[in-house]
Amino acid sequence: MKKNLENVYEAQIKALQEEIAALQCQQDKNEREIAMNLAGGRMQDALLIMTGHQEKEMGKSQRHITAHLKTEIMEMEEDLIRQTKINGIVLVNCSVKTVEKGNKKMVQQHRLTGHCSFLDFQVEFELTDVQEDTTLVRTITDLNIVMDSTEFKDFGNFVSGVEDKRDLLLFFRTLRRFSDRCEDRRRTFQHFQRWRQALGDGPEVISAQTEEKYPCVVSLPGGCRAEVMQIKSPKLAGCALTIYWSIEVTNEGDITPKIDLLTKMPEKVLEMDSRKVIENAPDSFQSLLRILGAEASIDTVIQSVDV
């Protein structure tokens, strides 16, 4: 049931994106695009009226058509807002260009720019419509996706695979879920970063309980959106732990967050670790993750370093 609803939403989103893109093209392309979906020339007449190219003497029927067109546009905009709230994808700009138009075939080039959370994207694709008897066959014949995903190697590989398969729906569906997992990581890392900032020279006032629980041992070399958190002991020079939080994406769009603990200790410390606590720390951390979750497990590691 959930998958069926998801497919319905995706179909609606795709249809709305195409409608909005068509409305933002030049007037002549607007008239041809809209005329394909409405019987007769009423919509075309309405567009001509709105742009002043039709004589005023056409009367009440023309004003009614104009009002109807404006209502339809408002409804499409409202639908797009609702879909944005559902899928988290915000379209900033849409454009469409007709490169070929015949009795049974039409080819259009589409360009969509937008973002999902902090992930910006630009999608360019060529859409081919072929009329076969009473059936309209619509296919994506070319797809190019531009994203600043250099810091997300796995997602970059996924995007390349999507372009090869020309699977636009898979891209948007996976983009939302990938963005959600990135936000989970950012919130967790930023949570610990705020503890550190609060303990620094900023104007924040924190309680003694907060200061005792959250020591100033955390650093985020790449910021809260990066994959790495470093935890250094303030008492033992050279002792450091690294949280490496990656988000793996397969070519099929399966997303798996992976959080690992890496250790870096001086040789003398390793020699003194007769119980192999440091050696077993990565496995122990995985056990904590399964029981406590990411935030509580990282907090436990911080407390252990500050002992």
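All of the numbers you see were taken from the coordinates with simple rules; none came from a lab. All of these numbers come straight from a predicted model, not from anything done at the bench. Positions of Cβ are generated from backbone atoms using ideal geometry, with glycine treated the same way; all protein chains shown enter the neighbour counts.
Around residue 265, what is the net charge, scoring Lys/Arg as +1 and Asp/Glu as -1 over all other residues with Cβ under 11 Å from its Cβ? Don't skip to the answer; put the middle values down first.
On the way: positive: 264, 268; negative: 267, 271, 273, 279.
The answer is -2.
Which whole-number percent of Cα pairs in the range 225-307 have a distance greater than 20 Å? Mind dumping the intermediate values first?
Working: 1277 of 3403 pairs.
Of the Cα pairs, 38 percent sit more than 20 Å apart.
May I ask you to compute the full-extension gain from residue 267 to residue 300, defined as 0.36 nm times their residue separation minus their alpha-carbon distance, rounded to one decimal in nm?
Numbers: separation 33, 0.36 × 33 = 11.88 nm, distance 2.40 nm.
Going from the current span to full extension adds 9.5 nm.
Taking the Cβ-Cβ separation of residue 169 and residue 124 as r and a Förster radius of 22 Å, what is the calculated FRET efficiency to the nearest 0.05? Could you put the intermediate results ahead of the total?
Working: r = 16 Å, r/R0 = 0.73.
After rounding to 0.05, the efficiency reads 0.85.
I'd like the distance separating the alpha-carbon centroids of the range 234-307 and the range 62-78, in whole Å.
One Cα centre to the other: 59 Å.
Can you quote the Å³ per residue value for the convex hull of the Cα atoms in the range 100-199, rounded to an integer?
Convex hull of Cα atoms, per residue: 102 Å³.
For residue 103 and residue 248 in the same chain, what is the full-extension length gain: residue separation times 0.36 nm, less their Cα-Cα distance, in nm?
Numbers: separation 145, 0.36 × 145 = 52.20 nm, distance 4.59 nm.
Going from the current span to full extension adds 47.6 nm.
What does the highest-first list of 68-79, 231-242 look like by mean Cβ count within 10 Å? Can you show the working numbers first?
Numbers: 68-79: 13.2, 231-242: 15.2.
Going from most to least packed, we get 231-242, 68-79.
So for each of 291-304, 171-184 I average, over its residues, the number of other beta carbons within 10 Å; can you give me the resulting order with the highest mean first? Show your work: numbers first, answer last.
Details: 291-304: 15.9, 171-184: 18.9.
Put in order of decreasing packing, that is 171-184, 291-304.
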